[in-house]
Amino acid sequence: MKVIKRDGRAVDYNREKIQVAIEKANTEVRGRQKATKEEIKEITNYIEELDKKRILVEDIQDLIEQKLMDFKKFELAKKYIVYRYTRALVRKQNTTDESILGLIKNQNKELAEENSNKNAVLASTQRDYIAGEVSKDLTKRMLLPEKITKAHEEGILHFHDADYFLQPIFNCCLINIGDMLDNGTVMNGKLIESPKSFQVACTVTTQIIAAVASNQYGGQSVDLKHLGKYLRKSKEKFKRELENTYKDALPQDVIDSITEKRLKTELSAGVQTIQYQINTLMTTNGQSPFVTLFLNLDEESEYIEENAMIIEEILKQRYQGIKNEKGAYVTPAFPKLIYVLYDHNCLKGGKYDYLTKLAVKCSSKRLYPDYISAKKMRENYEGNVFSPMGCRSFLSPWKDENGKYKFEGRFNQGVVSINLPQIGIVADGDEEKFWKLFDERLELCFEALMCRHYALLGTLSDTSPIHWKYGAVARLKSGEKIDALLKGGYSTLSLGYIGIYEVTKLMKGVSHTSKEGHEFAIKVMNHLREATDRWKKETGLGFALYGTPAESLCYRFAKIDKEKHGEIKDVTDKGYYTNSYHVDVRENIDAFKKLSFESEFQEISSGGAISYIEIPNMRNNLKALEEIVKFIYDNIQYAEFNTKSDYCHVCGFDGEIIINDKNEWECPRMWK
């Protein structure tokens, strides 16, 4: 039998530890209140006869207390409870020593695998992790209500990003890059004026990204439609210089030709600046910025031609890849790319179809870009098209005092996710019990999310000038509180969820792709959405339902439930839960049916949603990929391609997989 310790380690069961603990309590009582050797042996036998493969240390202690009470050893049971409580206090004094020392010695496997974009060996990354461990410790012991901490540890919910909760910083955002470029910004106390050329605009953009990423956690997104203006400025500058110098010596067509040549050189250099700076600079978090570039060929932009040129160059450079330390071209993890499909580029004879064909070609080799349908997004978001924050979390529509929709310059306060399969396990098929338990746990999630909100209230603009004073989010005065930006739906609070497939399987015995299962799954989804809508109405805060929290959480919840409840077919036996509403990977369903099915769930998950299509051998399936992209435009808001090769069976890594120069898949943790 394996005993699961409080830190998650599995150790061999040892009956002597039980005997020693009871004997220590025995020394503090007299006479008949002492447990005899036979009674102690009976307690250990009782625990062993449960014949469990794995048991939590807390469950063993509960059983000991129960048996002592059965023996009417009430005073002894009290002493044992005090002994147990004292030991808990000792543990509470400092819970970070082992994790931090394990990190420094490169023995903390959980931290090393937590983030694929962080190298846990580097001193700078370790410094961030050490701070994170201290934050998690203080969050657990002092900052959160005990019931929220307990719910997190038991896998009832997941309080995301506790390693940053100690500081008054937030999750992810849409950088208001248009305002910062047009009106200037300030970094490190230095004024950065509006750029006069595309190259400088690209440099300033990457510096803004680095500064923003260093003062928050989560992802940031930049809508590249704002760069078209600066590409035109460069063109006008080149043409003006040539005309002033060679007007009488060169014909106009030659001047125009030289202008175009110089522009293409600047375009290539500017895009290369973005790609290489993002991949080579490091934030104070010890990682590259988690940034998404929104390739938005907005049909209403006066700079649509310039934006088409920029998008084309980005796709070409991403297709080529970036050289690693050995000089081989590989797939960079960042920046993430999201390509927007409109009528003019949805592969139905539009003017910009050539860009979409290039995007598909890029996806076939480098997995990115992802695809957003402007058509479906407008249906779901009151006619608007905008980027997710990072690559997944979406804002709710919000209007300013002039009745104008605003998305850039807004942010997410934080995320809490609910473990749906665990509710199904505990309910054990009893629907009345299920819905009652569901509501109780939703209220816990609400309290946890309000902790995030309260933690940010009173924050001063000076805590992160790039966000609050110099345009990334706002232009507040020095010493001004950010409170107004936390209320009225300007920023969001996200309720994530895991395991629609598994909870449906537990409660109905079928997948949520079946008719009966689908009805139940949609009922669960609507219940989640109704909760966030109710919270929003009651508080005036921007609660949203988030369909795609971290993949690692799928494994954490499943691991906790397997240790507590054992192996359950099609639920805990897989070692993971399916993310949000996604169809389980083992179901035999084609890409088109999967997208159609999941589209309904995306509409309900307005605070974040994405769907994956797994395509083997993508490089030889360009036509198939193009057909899927056409289908995405008409049928689903947000989707990305995946490949069945993107799981490392050596270390279990399931994130960004590198494709090397030999078209082989390599794990970024193991390939060196």
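The values are calculated or read from the model by the stated rules, or taken from the named source; none is laboratory data. Note that the coordinates shown come from a computational prediction; the quantities given were computed from them, not determined experimentally. When we count neighbours, we look across all protein chains shown, and the Cβ atoms used for this are built from the backbone with ideal geometry, even at glycine. Only protein heavy atoms, including side chains, enter the accessible area calculation; ligands, DNA and RNA are left aside. Shrake-Rupley method; radii C 1.70, N 1.55, O 1.52, S 1.80 Å.
Grab the Cα-Cα distance for Met142 and Thr86, subtract it from 0.36 nm times how many residues apart they are, and report the gain in nm with one decimal. Before the final figure, lay out the partial values.
Values: separation 56, 0.36 × 56 = 20.16 nm, distance 1.77 nm.
Full-extension gain reported as 18.4 nm.
Which of the listed residues, Ile372, Asn176, Leu56, is farthest toward the dipole's positive end in the chain, when Lys, Arg count +1 and Asp, Glu count -1 at the beta-carbon?
The residue sitting farthest along the positive end of the dipole is Leu56.
Quote to one decimal, in nm, the extra length available between Tyr454 and Phe74 on full extension: 0.36 nm per residue of separation minus the C-alpha distance between them.
Values: separation 380, 0.36 × 380 = 136.80 nm, distance 4.30 nm.
Net length gain for the segment: 132.5 nm.
Put Met187, Met142, Met389, Met1 in order of accessible area, largest first, 1.4 Å probe: what do you get? All intermediate terms of the calculation are to be shown ahead of the outcome.
Working: Met187 35, Met142 130, Met389 5, Met1 65 Å².
In descending accessible area the options line up as Met142, Met1, Met187, Met389.
If packing is taken as the average count of other Cβ atoms within 10 Å, what order do 57-65, 290-298, 555-563, 256-264 fall into, highest mean first? Could the numbers behind the result be given before it?
Working: 57-65: 17.0, 290-298: 24.4, 555-563: 20.6, 256-264: 15.2.
Descending mean neighbour count gives 290-298, 555-563, 57-65, 256-264.
Explain nothing, just the number: dipole magnitude of the chain about its Cα centre with +1 on each Lys and Arg Cβ and -1 on each Asp and Glu Cβ, in debye rounded to the nearest 20. Walk me through the intermediate numbers first.
Details: 99 positive and 99 negative charges, 296 e Å.
Roughly 1420 debye for the chain.
Give me the percent of the accessible area of the chain that comes from carbon and sulfur atoms, probe 1.4 Å, all protein chains in place.
Values: 14980 of 30300 Å².
Roughly 49 percent of what the probe reaches on the chain is carbon or sulfur.
Any chance you could run the full-extension gain for Arg240 through Glu153? It's 0.36 nm times the residue separation minus the Cα-Cα distance, nm to one decimal.
On the way: separation 87, 0.36 × 87 = 31.32 nm, distance 6.50 nm.
Taking 0.36 nm per residue and subtracting the Cα distance, the gain is 24.8 nm.
Specify the angular offset, from 0 to 90 degrees and rounded to the nearest 10, of the alpha carbon long axis of helix 15-26 from the longest principal axis of the alpha carbons in the chain.
60
In Å², what does the accessible area per residue of segment 409-527 work out to with a 1.4 Å probe? Provide the component values of the computation, followed by the final result.
Values: 3990 Å² over 119 residues.
Each residue of segment 409-527 exposes 34 Å² on average to a 1.4 Å probe.
Looking at segment 187-255, which GluC sites (Glu not before Pro) are in a loop (DSSP not H, G, I, E or B) and have at most 15 other Cβ atoms within 10 Å? Walk me through the numbers before you get to the answer.
Working: sites: Glu193, Glu236, Glu241, Glu243; in loops: Glu193.
For GluC sites (Glu not before Pro) across segment 187-255 that sit outside H, G, I, E and B with at most 15 neighbouring Cβ atoms in 10 Å, the list reads Glu193.
In nm, to one decimal, how far is the modelled label at Lys487 from the one at Asp533, with both set 7 Å along Cα→Cβ?
For Lys487 paired with Asp533, the spin-label model returns 2.5 nm.
Alpha carbon centre of segment 391-450 versus segment 31-78: separation in Å?
That distance is 41 Å.
With every protein chain left in place, what is the accessible area per residue of segment 1-63 in square angstrom, probe 1.4 Å?
Details: 4180 Å² over 63 residues.
Averaged over the residues of segment 1-63, the accessible area is 66 Å².
With a 10 Å radius around each residue's Cβ, average the other Cβ atoms per peptide and rank 526-534, 219-227, highest first. Before the final figure, lay out each step's value.
Values: 526-534: 17.2, 219-227: 24.9.
Output ranking for 526-534, 219-227: 219-227, 526-534.
Rounded to the nearest whole Å², what accessible area per residue is found for segment 225-299 with the 1.4 Å probe?
Details: 3750 Å² over 75 residues.
Heavy-atom SASA per residue in segment 225-299 reads 50 Å².
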